[in-house]
1. Go through (1) within 21 Å of residue B:172 (Cβ to Cβ); (2) surrounded by fewer than 19 Cβ atoms within 10 Å (Cβ to Cβ); (3) facing chain A (nearest Cβ under 10 Å) and name the single condition residue B:270 misses.
2. Looking at region A:186-209, which of the residues that are open to solvent by less than 20 Å² (accessible area, probe 1.4 Å) and of a type outside the set (Val, Ile, Thr) is farthest from residue A:57 (Cα to Cα)?
3. Can you name every residue in region C:116-152 that is β-branched (Val, Ile, Thr) and either open to solvent by 10 Å² or more (accessible area, probe 1.4 Å) or touching a His at 6+ places or on another chain (Cβ under 6 Å) (or both)?
4. Which one is surrounded by the most Cβ atoms within 10 Å (Cβ to Cβ) among residues in region C:257-282 that are closer than 21 Å to residue C:329 by Cα and facing chain A (nearest Cβ under 9 Å)?
5. Of all residues in region C:312-343, count the ones that are free of Cβ contacts under 8 Å to residues at least 40 places away in the same chain, buried (at least 20 other Cβ atoms within 10 Å of the Cβ) and away from chain A (no Cβ under 14 Å).
6. Give me the pairs: first residue in region B:141-163 and more than 22 Å from residue B:73 (Cα to Cα), second residue crowded, with 16+ Cβ neighbours inside 10 Å and among the aromatic types (Phe, Trp, Tyr), beta-carbon distance under 9 Å, and six or more apart or on different chains, which are they?
7. Condition first: open to solvent by less than 30 Å² (accessible area, probe 1.4 Å), away from chain B (no Cβ under 14 Å) and within 28 Å of the chain's Cα centre (by Cα). Now tell me which residues in region C:217-241 satisfy that.
8. Would you confirm, using the coordinates I've provided, whether residue B:50 is in contact (Cβ under 8 Å) with a residue 24 or more places away in the chain, among the aromatic types (Phe, Trp, Tyr), more than 18 Å from residue C:103 (Cβ to Cβ) and outside any loop (DSSP other than H, G, I, E, B)?
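The values are calculated or read from the model by the stated rules, or taken from the named source; none is laboratory data. What you see is a predicted model; the values in this text were computed from it and never measured. Using ideal geometry, Cβ is built from the backbone for each residue, glycine included, and neighbour counts are taken over all protein chains shown. Ligands, DNA and RNA are excluded from the accessible area calculation, which covers all protein heavy atoms including side chains. Shrake-Rupley method; radii C 1.70, N 1.55, O 1.52, S 1.80 Å.
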Amino acid sequence: MDFGPYLFFASLEGAVTSAVLALIAVGLSLVFGIMRVVNVAHGEFYMLGAVFAWYVTSLIGGHPAIGFVTALIIAPLLVGLLAAAADYLILQRIEYDPERTIVATIGLLYIIQQSTLMGFGPDARPVEAPFNERIALPWFEFGESGFAMTWPWGFSTTSYKLAVIAAAVVLLLLLWLVLSRTRIGLVMRATQLDKDMATAHGIPVAKVYALVFGLGAALAALGAVLVVPIQQAHYLMGGEPLLLAFIVVIIGGLGSLPGTVVAAVLIGLSDGIISVFFTPTLAKIIATLLVAFVLVFRPQGLFGKHLA
Amino acid sequence: MKSWLQHTFMHALVLVGLAALFFVLSEYHAGNLARIMIFAVYAMGYNIMFGYTGLLSLGHALFFSAGLYGLTLSMHLLNIPAAFALVLGILASIIVSGVVGFFALRTRGVAFMIVTLMFAQAGFLAILLAGKYTRGDEGIVLAQATRSIGSIDLSDATTRYFAAYLLFALAYGFCAYLVQSGFGRTLIGIRENEERAQMLGYNVQRHKWIAVVISGTLSGLAGAAFALLWGYAGATFATVQYSIYPLLYVLLGGAGTLIGPLLGTAFMFYLIDFASEITPAYMLIAGVTLIALTLFLPHGLAGELRRRWLRWLP
Amino acid sequence: MANNIKDIGRRQTLKTLALGAGAVAASNTLPGLMGHTQAASSDPIKVGFQVHRTGIGAAYGRWYDRTTEAVVARINAEGGINGRPVEIVAEDDGTDPKRGAEVVEKFATQHSCDVSFGTLFSHVVYGSSPRAGELKMPYFVVSEGHHVASGALNRYTLQPGITDVKSQVEAMGPFIAENLGKKVTMIYPDFAFGHDHRDYFSAAFEAQGGTILEKIAIPPTETSFTRYFPKIPRDTEVVYHVMVGPAVLTFVKEMGEFFGPSRPEIFGFIDSLEAVDLASPGLEFLEGTYFWEGNPRYAQENNSEFDTAFREAVGVDNNGASVTDAKDISTYGHMFGCWETMYIIKAGMEACNYQGPKDRASLIEAVEAMSDMPHSMEHPQGAKRFNGKTHQTFGHQYISQFEGGRLNVVHTTSIEDTLYEDEVDYTKQSF
């Protein structure tokens, strides 16, 4: 493939990564921003979203779209409830102590992973996309014979991938509306700003925390349901997105939701674009070091304020 | 004065106890304990940074691997004798932790976690990229004949145990000395209140940097010793998982305690070993146990001992 | 305690000590040492089975487990080994080389196993093999790695039941050059297994007058692949792919979406789709492409009676899926290795009249003395030729074409096609 189309192609692929990553990372960022804890099990909630999606779609027959839409509602809901229960049963009881939360969520990670292995099994299982047409893309350039449209070999995407990008944009806008325009969003922001003050004003902080933890996990699960027709459900799929989401949240500036979204786009795109110029593993190394050095020279993240 | 006596008594108990255990335990458990001691050195290194200085790193597998590969590659590719290769392994971890510390310490908190994690990921991928020399994930087997120092065969069960014991004792003694030295007390001061330490005129950055290098070097020593004693090095040891282990060991055993890393390492090892005999779903048991520990023993095993009964525990 | 105290002496000392110290300590720390002082002739032969129950190898581990259970049931029904029943002691290694070594140690010193067996993933073999050598514990791996034959391991490590990647790959060269094309682009994982493919295939293919246009190594942490496909040169005639791990299905599916209607010839290793249902959405594009298979997943028209019986014993239907769940696809291209290896352990033990751990060296020698093994119930995948010097077996390789949603064998290589020069002579090493 020529350089121009290749760059565009890699960016488009990067955009799909960005879209899913943004959902997962915004979930993590909410928990991070409001509750100030590192949830190591976040990737497992993502994985559960994909696994539940598989169960739902394989139970419901008919057109794949029916099962998929059902999964889109049920999987995040179940995962959210599960996470809220974990918050109530465990995290609340250890008072969100940062270090103990790490150990407890590692424990949670083991439990979720092993239960999935026993129930769902070790295989990667596919979920059929509601629609998935290959779309060959044209390329325009000025050649010797003037302006021309060509169809480069392999230059294509799928309708489903484009839909994932659109769906992520819509979902993130919805989330933004909820957080900025509704009472529940106001309560969350108040809790984030000052927990004690919120308590004094009669906000049930414990319930808000459970809600936030559940919502964060549900967003990860939502990202997983969207991605599972592209990738497949597998019990170890949570590790990589956890790392990426973690990076995105920090690069975006802790707790800053717009920053998180922009960082997700940057990370997704740069991952795609760097892969054009180097061999795959070298590209990964460069992308990884890039993240490290961005933080070394801008420790508060790209959009964070100067905080600790 | 009393606490000095108590400390000495505890150190003697730990060191004599570990030596004596070899004669009591079965071959299998003695072999396990040798491994546990080496990984406890790794955890003690981690504890210097995390427990005593308050720096949470997610990239210690890089330091462990620096020692592991420093020794293995010099023995395997350059035919350097084991004793000298051990020195090279330690040297490699000093350099790597020096460089990582230099950059990473410009950040703090969660950003520090990410930066260390990213350096370690880059290191892991670099091991794969250099597959021609490292054989990537498959790794390298060190020939049994080369694994000896002088005429001492380190692949023999007894010498291996006491070599591990020797390294553990050295690291333990060093840490015991460090934490009660002026330098160690400054580190604790930084952990408790960094601004105050700064105002008192301590060069906080420099102290932290030295702590990272000491921590990285102990981790690298553990890595080099592991490769030498068990004869294998592979990219698995550079994965995130192996960065999480020392954190887990230290938190379970008790951060900022001298004996905690050993307790945590042993606890985690036998938790998996016993649970896996009862059920194939042993990770379920491990997960539940970890959660139960955070609920009921919030300061880790040694931390809880110190809080409840032995306030003098170092 | 000094080195010169032998096993038995140590055991006796410990036993006395433990009895003196009390029963609690004894039952906790010394269970393996009780009951093993003298193996009576009816005591079971204990085979330590290192199995990937968790971690990246779990999909393979489950089927290795089922195959092993099936073969042991069959051997025991036939009267066991030397009249003694076989007992499997299975331990999960988490597909981790450190735990793998610990598990081998546990087999030797805690469970008092006679031999250890069954490892698949190469890094676990590498991690465990030094311990097996030191403990003088015969270690029969079922891994298809080139590690054993490369000379990197030791006299106690053998791979008699499955062929290695070097012979598999080299035997594919002529078929691809003659039937598919002379210009190849390779896509493989960027770790040792992938590097073996890269090195051995490119050498074999260039010897056939072909050229490798591009070598695309994918980092193992990758979960999406589309952005790497434009690196495939336009004049590629054949894409050669081999991937392992949970993302294999994504890989193959995305490759199909990339090429659309104008794909080159595609030759893959079944590893790219092992344990994956070929009816999965997105795999239709594979129609007409070729796969290497270690053992044909779909029962063929002229299926051998041995393969049919093997399927029945393990519980696999004619499509390579579990008889109880048609969606549960086996790792058919690899798992036969457990069956064949267990029969080789049996044959070796019977040849040397194996009595107990003191005969371990004789067992190794007995296996080293083996050579041709006919296609039989003991070797349902096909005939084998074992090389005692390199501790590696050689056998037929299958090339299948994807037709109508199933794989049909179109070519079977001879054993001679897969041979290469010895790289080591383990028999020269002392025990």
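1. Residue B:270 satisfies all of (1) within 21 Å of residue B:172 (Cβ to Cβ); (2) surrounded by fewer than 19 Cβ atoms within 10 Å (Cβ to Cβ); (3) facing chain A (nearest Cβ under 10 Å) except (3).
2. Checked region A:186-209; the qualifying residue farthest from residue A:57 (Cα to Cα) is A:198.
3. C:125, C:148 - these are the residues of region C:116-152 that are β-branched (Val, Ile, Thr) and either open to solvent by 10 Å² or more (accessible area, probe 1.4 Å) or touching a His at 6+ places or on another chain (Cβ under 6 Å) (or both).
4. Residue satisfying both the conditions and the ranking: C:275.
5. Of the residues in that region, 1 qualify.
6. B:158/B:22; B:161/B:22; B:162/B:22
7. C:224, C:225, C:238, C:239, C:240, C:241
8. Yes.
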